[in-house]
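Undergrad: Pasting in a structure now, in structure tokens, and then I'll have a few things to ask.
The values are calculated or read from the model by the stated rules, or taken from the named source; none is laboratory data. Computed from a prediction, not measured in an experiment: that's the story for all the values here. Neighbour counts run over all protein chains shown; Cβ positions are idealised from the backbone, glycine included.
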Amino acid sequence: MVLLHLYRGDCVAADKAFKHAYVYPAFSGCEEADAVEQLLEAMNQGDETQAATILNSPLFKYLDNDFAKLARDLRENPPDGLFFSGGSSAKNSAAANESEEEYPEGLL
């Protein structure tokens, strides 16, 4: 559920889903819970590099095919506003800088 909420760009719902699942002892002590907690922490801190590293881990790569694709898509092209502390993707920043330089005087 957390990956689905993150894919939709809803970090609050992802955090709530994680906290809801964390009350189950079988989940709270497992490797998956630790990875999701680290991912959400990276999102909270706006650390895209750490989030991408976590999403690139074997734990996410070898999930069921549909969830592995979600993790890959989040890693390669995160939705706008996904990071709580205002972090933006490096691709989006580079594109914005490029478009500003392309037409420094405007279109007209």
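Undergrad: Consider the stretch 1-34. How many of its residues are assigned to a helix (DSSP H, G or I) and surrounded by fewer than 16 Cβ atoms within 10 Å (Cβ to Cβ)? Before the answer, list the steps.
TA: So the first thing to find is which residues in the stretch 1-34 are assigned to a helix (DSSP H, G or I), and the list is 2-7, 11-22, 25-28, 31-34.
Still in the list and also surrounded by fewer than 16 Cβ atoms within 10 Å (Cβ to Cβ): 4, 12-13, 16, 19-20, 22, 25-28, 31-32, 34.
So the count comes out to 14.
Undergrad: Let me ask you something else. Restricting attention to the stretch 84-108, and to residues there that are surrounded by 10 or more Cβ atoms within 10 Å (Cβ to Cβ) and not polar (S, T, N, Q), which single residue is modelled with the highest pLDDT?
TA: Among those that are surrounded by 10 or more Cβ atoms within 10 Å (Cβ to Cβ) and not polar (S, T, N, Q), it is Phe84.
Undergrad: Kindly provide the set of residues from the stretch 39-72 that are surrounded by fewer than 14 Cβ atoms within 10 Å (Cβ to Cβ), assigned to a helix (DSSP H, G or I) and among the hydroxyl-bearing types (Ser, Thr, Tyr), ordered by number.
TA: Residue satisfying the conditions is Thr49 alone.
Undergrad: While we're on this one: If we keep just the residues of the stretch 74-83 that are on the phi < 0 side of the Ramachandran plot and loosely packed, with under 15 Cβ neighbours inside 10 Å, which is modelled with the highest pLDDT?
TA: So, considering only residues that are on the phi < 0 side of the Ramachandran plot and loosely packed, with under 15 Cβ neighbours inside 10 Å, the one modelled with the highest pLDDT is Glu76.
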